[in-house]
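Peer 1: This is the structure I have questions about; it appears just below.
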Amino acid sequence: MTEAPLISVVIPCYNEQGNLRPLVTSISEALEPLKIGYEIVITDDCSKDDSWSVLQKLAADYPTVCAQRLVRNSGQSAALWAGINAARGRYIATLDADLQNDPKDLPKFLEAIKANECDCVCGSRIDKRKQGDNFVRQMSSKIANGVRNWITRETVTDSGCCYRLFKRECVANLKFFKGMHRFFPTLFKIDGYRVTEIPVNHQLRLSGVSNYGVWNRLFASSYDLFAVRWMQKRMFRFQIKEQVNFPEPTEKNL
Ligand code: UDP
Ligand code: MG
């Protein structure tokens, strides 16, 4: 594959051996009918199970699958970021490896980004939450989301949902830190990008177990929250109006 694909589907993976083949099959079934160029970039975050050998087999079976493995377990944000860095598509879609996010929604994201003339479309699971999560998880996500919106003055209905599609330029200046995957919509807006939401399906994890408990969901990101608020208030953007004696205005300056 030499030509850059239209869309890169980027997935972080930790101990997902039972989910990877159904995941790749499902993504392929969703995207093949669209007749577009795509790649599936999966980063194995140093899984302890057989995820890496499954990924190697998948890469042999599917030319669209690009797989990489981190040296040590580095967390969801790092695995996601490693995948985004390796992605070549004009659009980047991110989703989880456990099939809680339904690949059948991918065409809807592409339609929405074109129809809404925006830079990023975020999935919102709120309508379908009951299908894929137990009560404790629904409540802890609701509280975490509410606090995040309150501190950051946001209206994101489901910031914990990592099912998103965005233009590759959205991540050009992104500040990356542990837990940043929860703040992509806000971080994109800080850089001046337009973000919208669409409802997505939400399913039970196909196999394996969740990596997060209530403690992590509720409290781990509160520290990050204040850093993001600080960024919202303190980071600046500017546009060059005119230049003289430069060879030509650079894209970065416009
Ligand atoms: N993940 C990862 N590294 C980690 C923990 C999680 O790459 O250290 C991946 C995991 O394989 C999945 C995604 O991050 O694709 C979300 O994790 P999980 O499904 O456990 O989170 P939950 O949906 O329960 O919040
Ligand atoms: Mg999950």
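The values are calculated or read from the model by the stated rules, or taken from the named source; none is laboratory data. In this text the structure is predicted, and so the values were computed from the model without any measurement. As a convention, Cβ positions derive from the backbone with ideal geometry for all residues, glycine included, and neighbour counts pool all protein chains shown. For the accessible areas, the whole protein counts, side chains as well, though only heavy atoms, and no ligand, DNA or RNA atoms are used. Shrake-Rupley method; radii C 1.70, N 1.55, O 1.52, S 1.80 Å.
Peer 1: Through the Karplus equation 6.51 cos²θ - 1.76 cosθ + 1.60, θ set to phi - 60°, convert the phi angles of the stretch 11-21 into ³J(HN,Hα) values in whole Hz; use x for Gly and Pro.
Peer 2: Along the stretch 11-21, the couplings run 9, x, 9, 9, 6, 10, 3, x, 9, 5, 5 Hz.
Peer 1: Just to confirm, what accessible area per residue do you get for the chain at 1.4 Å probe, in whole Å²?
Peer 2: Details: 13660 Å² over 254 residues.
Dividing the accessible area of the chain by its residue count gives 54 Å².
Peer 1: With a 1.4 Å probe and every protein chain kept in, tell me what percent of the accessible surface of the chain is carbon plus sulfur. Intermediate values should be presented prior to the final figure.
Peer 2: Numbers: 7470 of 13660 Å².
Heavy-atom surface of the chain belonging to carbon and sulfur, 1.4 Å probe: 55 percent.
Peer 1: About its Cα centre, how strong a charge dipole does the stretch 164-251 have in debye, to the nearest 20, once Lys and Arg get +1 and Asp and Glu get -1 at the Cβ?
Peer 2: Working: 15 positive and 7 negative charges, 80 e Å.
In total the dipole reaches around 380 debye.
Peer 1: Going by average Cβ neighbours within 10 Å, how do the peptides 61-72, 23-34, 118-129 rank, with the highest at the top? The partial results should precede the final answer.
Peer 2: Working: 61-72: 15.5, 23-34: 17.0, 118-129: 20.7.
In decreasing order of mean packing, 61-72, 23-34, 118-129 become 118-129, 23-34, 61-72.
Peer 1: Also, I was wondering about something else. Toward the positive end of the charge dipole of the chain, about the Cα centre and with charges on Cβ (Lys, Arg +1; Asp, Glu -1), which of 136, 42, 200 goes farthest?
Peer 2: 136
Peer 1: Rounded to the nearest 20 debye, what is the charge dipole size of the chain about its Cα centre when +1 sits on each Lys and Arg Cβ and -1 on each Asp and Glu Cβ?
Peer 2: Details: 35 positive and 28 negative charges, 191 e Å.
Result for the chain is approximately 920 debye, rounded to the nearest 20.
Peer 1: Could you pull out which residues in the stretch 124-142 have an amide N less than 18 Å from a spot 7 Å beyond the Cα of residue 232, following the Cα-Cβ vector?
Peer 2: Of the residues in the stretch 124-142, 142 have backbone N under 18 Å from the label point off residue 232.
Peer 1: Can you bin the chain into rounded, prolate or oblate? Criterion: square roots of the alpha carbon gyration tensor eigenvalues sorted a ≥ b ≥ c, rounded for a/c under 1.5, prolate for a/b above b/c, oblate for the rest.
Peer 2: On the way: a/c = 1.61, a/b = 1.16, b/c = 1.39.
It comes out oblate by the Cα gyration axes.
Peer 1: What FRET efficiency comes out for residue 134 versus residue 194 if R0 is 41 angstrom and r is the Cβ-Cβ distance? Round to the nearest 0.05.
Peer 2: Values: r = 34 Å, r/R0 = 0.84.
Efficiency at R0 = 41 Å is approximately 0.75.
Peer 1: Under the classification rounded if a/c is under 1.5, otherwise prolate if a/b is larger than b/c and oblate if not, where does the stretch 2-84 fall, given a ≥ b ≥ c as square roots of the Cα gyration tensor eigenvalues? Don't jump to the answer; show the numbers that get you there.
Peer 2: Working: a/c = 2.09, a/b = 1.52, b/c = 1.38.
It is prolate, given that a/c is not under 1.5 and a/b is the larger ratio.
Peer 1: Follow-up. Can you tell me which of 53-59, 241-247 comes out highest on packing, and rank the rest after it, using the mean Cβ neighbours within 10 Å? Don't jump to the answer; show the numbers that get you there.
Peer 2: Details: 53-59: 17.9, 241-247: 6.6.
Result, highest mean Cβ count within 10 Å first: 53-59, 241-247.
Peer 1: Could you sort the peptides 130-141, 79-90 by per-residue average Cβ neighbour count (10 Å cutoff), highest mean leading? Could you put the intermediate results ahead of the total?
Peer 2: Numbers: 130-141: 14.8, 79-90: 19.8.
Packing proxy ranking, top to bottom: 79-90, 130-141.
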